[in-house]
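The values are calculated or read from the model by the stated rules, or taken from the named source; none is laboratory data. From a predicted model like this one, the values you see are computed outputs, not experimental measurements. Methodologically, a virtual Cβ is constructed for each residue, glycine included, from the backbone with ideal geometry; neighbour enumeration extends over all protein chains shown. For accessibility, only protein heavy atoms count, side chains too; no ligands or nucleic acids. Shrake-Rupley method; radii C 1.70, N 1.55, O 1.52, S 1.80 Å.
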Amino acid sequence: MSKRILVVLSEFGYWGEELVGPVEAFDRQGYQITFMTPTGKRAHALPPSVDPEYIDPPLGRSVTTRDMARRAAELDESDRLDNPVSLQSLIPERPYYSALNHLRELEEYHSRLDRATGDLVSGFDALVIVGGSGPIVDLANNERLHELVLAFVRADKPILAECYGVAVLAFARDWEDRASILWGKHVTGHPKEYDYKDGTGFIGVDFNMGPPPYPLEYILRDATGPEGAFHGNVGKETSVIVDYPFVTARSTPDSIPSGELLVEVLENGLRRHGW
């Protein structure tokens, strides 16, 4: 049977190429793709990601070719992204400890959570978290998404995270011991050298901040611990790390190889790459 892939997108903007790369790899394999957003609102590409004239400040050059801008715009404007699955409607919200009937609510939460994550994990072969600046807002510290990630990890199913989507992996932790699921793992992501000093923007809000609110590299270095490692691969054109079950991609040009490597994971059992 065809593999099924669950792709999570931010409602505050995703980077076009970081969706195109994996989607095109999955389409070539005939995989079925289901799109998900935090509340079921349709996702849209960040405008700079479909503008070949946009100069990426840290790199000092365009990171979007005319051909890729066209492909990203065509996918963004297609009906494929219409009517995404709502994470909010499927995964319950953990009750506050201050709830009047906390014990009963917590029992109900776990019961609903087990059913919901069980259905999602059994229905999909892999999870993909697309990057861009948007994930900083509604994916990185989204506890519902954390629960979904933890369920895929427990089921030993692969997860691809790109760019600022990798932060979700760093923050998805078991509620009891709070240990990082990346502890002892090798990952890549936005190094400090790639971070904006100004102009981190989002879709749907009148807000354009300076640098990102956290240095992703520092978070990933801490999350992987002394037996794991963060690989920025600064100066290399691409950076994709496979340390099963995780496939992590640094930034824009890594989207195509990251999609291809996830296919290798699913089809040929790839467990390690890039370190």
Check your understanding: Sorted by accessible area (1.4 Å probe), largest first, how do Arg4, Arg71, Arg112 line up?
Key -> Arg112, Arg4, Arg71
Practice item. Express the relative contact order of the chain as a whole percentage, based on alpha carbon pairs under 8 Å and six or more residues apart in sequence. Key: 21
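Accessible area of region 142-275 with a 1.4 Å probe: how many percent of it is carbon plus sulfur? Walk me through the intermediate numbers first.
Values: 2830 of 5800 Å².
Roughly 49 percent of what the probe reaches on region 142-275 is carbon or sulfur.
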Check your understanding: What are the lysines whose alpha-carbon lies under 19 Å from the alpha-carbon of Lys3, with same-chain residues fewer than 8 places away excluded?
Key -> Lys157
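Taking the DSSP beta bridges in region 160-275 as the whole, what percent of them are antiparallel, to the nearest 5?
Details: 9 of 14 bridges.
Here the share of antiparallel DSSP bridges comes out near 65 percent.
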Study note, to complete from the structure: Summing -39500 (n - 2.57) over every DSSP H run of at least 4 in the chain, dividing by its residue total and rounding to the nearest 500, the 222 nm mean residue ellipticity is -10500 deg cm²/dmol
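If you put +1 on each Lys and Arg Cβ and -1 on each Asp and Glu Cβ, how big is the dipole of region 118-275 around its Cα centre, in Debye rounded to 20? Intermediate results must be reported in sequence, preceding the final value.
Numbers: 13 positive and 23 negative charges, 58 e Å.
Computed charge dipole of region 118-275: roughly 280 debye.
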Check your understanding: Once the whole set of protein chains is in place, how much accessible area is left on Met68, using a 1.4 Å probe, in Å² to the nearest 10?
Key -> 10
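Extension gain Asn268-Ala155, at 0.36 nm per residue separation less the Cα-Cα distance, in nm?
38.9 nm
Relative to the compact-globule scaling 2.2 N^0.38 Å, provide the ratio for the alpha-carbon radius of gyration of the chain.
Values: Rg = 17.9 Å, N = 275, 2.2 N^0.38 = 18.6 Å.
Against the empirical 2.2 N^0.38 Å value, I get 0.96 for the chain.
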Practice item. Report the local net charge at Pro95: Lys and Arg +1, Asp and Glu -1, summed over other residues whose C-beta lies under 14 Å from its C-beta. Key: -2
Check your understanding: Say each of Tyr244 and Asn141 gets a label point 7 Å from the Cα, pointing the same way as Cα to Cβ; how far apart are those two points in nm?
Key -> 3.5
Revision key, fill the gap. Residue ranges of DSSP H helices in the chain that stretch 27 Å or more (Cα, own long axis) and have mean Kyte-Doolittle hydropathy of at least -1.0 are 102-123
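With +1 on the Cβ of every Lys and Arg and -1 on the Cβ of every Asp and Glu, and nothing else charged, how large is the dipole of the chain about its Cα centre, in debye rounded to the nearest 20? Don't skip to the answer; put the middle values down first.
On the way: 27 positive and 42 negative charges, 77 e Å.
Charge dipole, the chain, about its Cα centre: 360 debye, nearest 20.
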Check your understanding: Is the shape of region 1-102 rounded, prolate or oblate, going by the alpha carbon gyration tensor and its root eigenvalues a ≥ b ≥ c, with a/c under 1.5 for rounded and a/b larger than b/c for prolate?
Key -> oblate
Practice item. Compute the relative contact order of region 1-158 as a whole-number percentage, counting only Cα pairs closer than 8 Å that sit 6 or more residues apart in sequence. Key: 33
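Counting only protein heavy atoms and using a 1.4 Å probe, what share of the accessible area of region 65-121 belongs to carbon plus sulfur, as a whole percent? Don't jump to the answer; show the numbers that get you there.
Details: 1800 of 3770 Å².
The C+S portion of the solvent-accessible surface of region 65-121 is 48 percent.
Sorted by average packing, counted as other Cβ atoms within 10 angstrom per residue and highest first, what order do 158-165, 235-242 take? Can you show the working numbers first?
On the way: 158-165: 28.4, 235-242: 17.4.
In decreasing order of mean packing, 158-165, 235-242 become 158-165, 235-242.
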Study note, to complete from the structure: To the nearest Å², the heavy-atom accessible area per residue of the chain with 1.4 Å probe amounts to 46
Review point. So for the chain: antiparallel DSSP bridges make up what percent, rounded to the nearest 5?
Key: 35
Point to revise | For Lys236, net neighbour charge (Lys/Arg +1, Asp/Glu -1) across residues whose Cβ lies under 14 Å away | key: -2
